[in-house]
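Quick one: structure below, then a few questions.
The values are calculated or read from the model by the stated rules, or taken from the named source; none is laboratory data. Please read these numbers as outputs of a predicted model, since none were measured by experiment. So basically every Cβ, Gly included, is an ideal-geometry build from the backbone, and we count neighbours across all protein chains shown. Just the protein is used for accessible areas: all its heavy atoms, side chains included, with ligands, DNA and RNA removed. Shrake-Rupley method; radii C 1.70, N 1.55, O 1.52, S 1.80 Å.
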Amino acid sequence: MSDCLFCKIIRGEIPSNKVYEDELCYAFYDIEPQAPVHFLVVPKEHIASALEINDENSHIVGHVFKVVEKLANELGFAQDGYRIVNNCGKDGGQTVGHIHFHVLAGRNLGWPPG
Ligand code: AMP
Ligand code: ZN
C-alpha cells in the first residue's frame, strides 16, 4: 500500500533497524522501545489489522510466531521469556494500520497491561 508507513519500511523507503527478513515477513527494532528488547514483526503483505486475518493469510501469522521463536533463541532471550503483542483497533492501542507483532523481552513484563 503506497501510503502505509510499514509498507514503506518494508520497501526500504523509510530507514529501519532490521532484525530479520524473509519472503513473508520483516522485523525491525521499535523506534520507541518499551523494554530492553523491543522489535516489530510485520507481514510483507499489507494486512490492516487482526480483523483482516482470513483463511488465505492466516499461515503468515503462524509463520511470524515461528520466526519469533527462532529469533528468541538466536538473540538469547528464549529462556528468560518474552511477550508477543498485537494491538488491534482504537481500544487495543493500534496506531499503525498494518498488522504488526511487538516482541518484548529483557525485563519482567507486568500484567495486566495498561
Ligand atoms: P501500535 O501502537 O501497536 O500500532 O504500534 C506501533 C509501533 O510502531 C509503536 O511502538 C511505535 O513506536 C512504532 N513505530 C512507529 N514508527 C516507527 C518507525 N519509523 N520505526 C520503528 N518503529 C516505529
Ligand atoms: Zn502496509
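Check the range 47-54 and report whether any residue there is touching a residue at least 40 places away in the same chain (Cβ under 8 Å), open to solvent by 20 Å² or more (accessible area, probe 1.4 Å) and away from ligand 2 (no atom under 16 Å from the Cβ).
no
Residue by residue through the range 1-46, note down the ones that are hydroxyl-bearing (S, T, Y), assigned to a strand (DSSP E or B), in contact with a helix residue (DSSP H, G or I) (Cβ under 7 Å, 6 or more places away or on another chain) and open to solvent by 30 Å² or more (accessible area, probe 1.4 Å). Spell out how you get there, then give the answer.
Initially, the range 1-46 is screened for residues hydroxyl-bearing (S, T, Y), giving 2, 16, 20, 26, 29.
Next, only the ones that are assigned to a strand (DSSP E or B) stay: 20, 26, 29.
Still in the running and in contact with a helix residue (DSSP H, G or I) (Cβ under 7 Å, 6 or more places away or on another chain): 20, 26.
Within the range 1-46, Y20 is the sole residue that qualifies.
Further question: Take the range 9-29 and flag every residue that is within 19 Å of K70 (Cβ to Cβ) and more than 13 Å from ligand 2 (Cβ to nearest atom).
N17, K18, V19, Y20, E21, D22, E23, L24, A27, F28, Y29
Among the numbered conditions (1) within 16 Å of ligand 1 (Cβ to nearest atom); (2) out of contact with any Ser or Thr (no Cβ under 9 Å at 6 or more places or on another chain); (3) without any contact (Cβ under 8 Å) to a residue 40 or more places away in the chain; (4) open to solvent by 40 Å² or more (accessible area, probe 1.4 Å), tell me where V68 comes up short.
(4)
Scan the range 51-65 and give yes if some residue there is more than 21 Å from Q94 (Cβ to Cβ), part of a helix (DSSP H, G or I) and of a type outside the set (F, W, Y), otherwise no. Before the answer, list the steps.
Narrowing the range 51-65 to residues more than 21 Å from Q94 (Cβ to Cβ): 55-56, 59.
Narrowing further to those that are part of a helix (DSSP H, G or I): 59.
Retained after the next criterion (residues that are of a type outside the set (F, W, Y)): 59.
Scanning the range 51-65, I find at least one residue that is more than 21 Å from Q94 (Cβ to Cβ), part of a helix (DSSP H, G or I) and of a type outside the set (F, W, Y), so the answer is yes.
Between a residue in the range 92-104 that is more than 11 Å from Q34 (Cβ to Cβ) and any residue that is at pLDDT below 95 and surrounded by fewer than 18 Cβ atoms within 10 Å (Cβ to Cβ), which pairs come within a Cβ distance under 8 Å, given they are 6 or more apart or on different chains?
H98/M1
Let me ask something else about it. Limited to the range 77-111, what total is found for residues that are among the hydrophobic types (A, V, I, L, M, F, W, C), open to solvent by 40 Å² or more (accessible area, probe 1.4 Å) and in a loop (DSSP other than H, G, I, E, B)? So that I can check it myself, show each step before the final result.
First pass over the range 77-111, keeping only residues among the hydrophobic types (A, V, I, L, M, F, W, C): 77-78, 84-85, 88, 96, 99, 101, 103-105, 109, 111.
Checking the rest, the ones that are also open to solvent by 40 Å² or more (accessible area, probe 1.4 Å) come to 84, 88, 111.
Filter once more, keeping what is in a loop (DSSP other than H, G, I, E, B): 88, 111.
Result for the range 77-111: 2.
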